[in-house]
Structure formats: structure tokens, C-alpha cells
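To keep things clear, I will list the structure first and then write my remarks on it.
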Amino acid sequence: MGFNFEPAPIMIENNIIKAKKEIKFLSIKILSIKIQDNLKWISHVNTLCGKIRAAAFRICNEGRHLTVSNKRILYHGWVQGPLLANCVTFLPTLNHSEKLQLQTACNSAVRAVVGLPRFGYAEISVLRKKLNIPSIATITDRITAIASWKRFHNQEKPTSGPLTRAKKNMNLPHPDQRGHLGKLSDTILTLAWNKLDTDIKQLDKLSSVKQRIKKLYAF
């Protein structure tokens, strides 16, 4: 597979090996992630939405005699399990329509948890809050914030120069977000780090950081 170009076929022991448009990374089915040659996530999002909708059907069918609390457990296992697998790799870089596509698929599973029909008006955001199920936007904010703390919390503090407000807040220089630079993981993590409260940046334990970030990006 070539990125933004198509490699020529190669010959190995009289076998022609042609380039692929996408590859599946990792062999475990639930943890696999599809990487496209154009570095987009269209195929992976479509596959993930299919898994989520299949999980919604299973919750509706196999969990029809369970309580809402028990079906919520199924949601976290069958829906959020595949969703959170390798999510820090692709969720922060998805565009609005791809996130909406994932959210719509998750909403179908939320409907299954509370026993609503597949179609019809319902305040899904209210139901998610009652069930304590985070939205795609909330999950993205949380995992990005945690990844930024892991990346930058051990950075050396500047000892020279005037004490500006940015230095006091332990902020990093604002990155260039023009073009493809805005899609870089370093850019995304830097922006997330600068949004964190200073007391969170100064924490030493990851467990404490996760608790604070969960409260920071609440429903």
C-alpha cells in the first residue's frame, strides 16, 4: 500500500502481489483498525458503525427480557468496547460528518437500551445523560485530554525570561493549524493540553487525572 500513490505490482516466486487500497491493523477482530492509502477514516468509520448497529440489534433482541441497567452493561461492552479500541488514533481527527455518523449509530444502541423503536422522535441527549453514556464529542474530548497529559506533563518548565500568563498556566506555543498541520497528532494534543486547568497539568497520578478530566468534560 502506498500513501497518495499506487505502487507497481511486484513478483514473488511467480506470484503477482498487487497493492491494496487499505489494510487492517491488528488481527483481533474487535481491536482491528482500517488504514486507507489516502489517510482517511471513511472505511473504518463505516465498519465501526456497522458493528455498533449490529450491537444495537443484539441489545434489542437478546436483552429484551433484561432491565435497563443490565442492557446498559451490554451497551458498554458491545458498543463502547469497539468504539474505544484505538479511539485515540482516529477519533480526534474525524470530521463533523464522520462524528455525526458514529453518534447516529450509537443513538440506535441507546434506543435499544431504553426499549424505544428504531425510528421516531426522542430526546437522545437526555436519555444518554440519564444512562450516564457519554457522547462521541465527550469521548473525544476526554481521550484527547488524557493523551495530552501523558505527552506533556513531564515537560521541563522554562526558567528564563519573564513570567507570562502562558508560562504560569504551563501552556505550550500555539501550533500552526493551517492545512494538514491541523490534523497532526502533536497539534491536536498541544491544543488539548492548553485547554486543561493548571492544577490538572500539575497532577502526578494518571488515575487522578482521569477523574478530573471526567468532571471537566461532563455531560
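The values are calculated or read from the model by the stated rules, or taken from the named source; none is laboratory data. What you see is a predicted model; the values in this text were computed from it and never measured. Note that each Cβ is placed from the backbone with ideal geometry, even for glycine, and that neighbours are counted across all protein chains shown.
Looking only at residues in region 73-132 that are basic (Lys, Arg), in a helix (DSSP H, G or I) and more than 13 Å from the chain's Cα centre (by Cα), the one that is farthest from Trp149 (Cα to Cα) is Arg111. For region 176-217, a residue qualifies if it is over 29 Å from Lys40 (Cα atoms) and assigned to a loop (DSSP other than H, G, I, E, B), and the qualifying residues are Asp197, Gln202, Leu203, Asp204, Lys205. Look at region 202-216: where a residue is within 9 Å of His153 (Cβ to Cβ), no partner that is of a type in the set (Ser, Thr, Tyr) and at pLDDT below 95 sits 6+ places away or on another chain with Cβ atoms under 7 Å.
Hey, Gln103 hits all of (1) surrounded by 12 or more Cβ atoms within 10 Å (Cβ to Cβ); (2) modelled with pLDDT under 95; (3) under 17 Å from Arg72 (Cα atoms) but one; which does it fall short on? Single failed check for Gln103: (2). Each residue in region 56-91 was checked for being more than 28 Å from Ser185 (Cα to Cα) and surrounded by fewer than 17 Cβ atoms within 10 Å (Cβ to Cβ), and 12 pass.
Condition first: surrounded by fewer than 16 Cβ atoms within 10 Å (Cβ to Cβ), at pLDDT 85 or above and not in a helix (DSSP H, G or I). Can you find one or more residues in region 137-153 that meet it? Within region 137-153, none of the residues are surrounded by fewer than 16 Cβ atoms within 10 Å (Cβ to Cβ), at pLDDT 85 or above and not in a helix (DSSP H, G or I).
When you look at Lys71, is it in contact with a Pro (Cβ under 6 Å, 6 or more places away or on another chain), modelled with pLDDT of 90 or more and either acidic (Asp, Glu) or not assigned by TED's automatic domain parsing to the domain that holds Ser148 (or both), yes or no? No; evaluated as a whole, the condition is false for this residue. Any chance region 168-175 includes a residue that's surrounded by 15 or more Cβ atoms within 10 Å (Cβ to Cβ) and either assigned to a helix (DSSP H, G or I) or of a type in the set (A, V, I, L, M) (or both)? The answer is yes; a qualifying residue exists. Restricting attention to region 9-20, and to residues there that are under 23 Å from Asn38 (Cα atoms), modelled with pLDDT of 75 or more and in a loop (DSSP other than H, G, I, E, B), which single residue is nearest to the chain's Cα centre (by Cα)? By that ranking, first place goes to Lys18.
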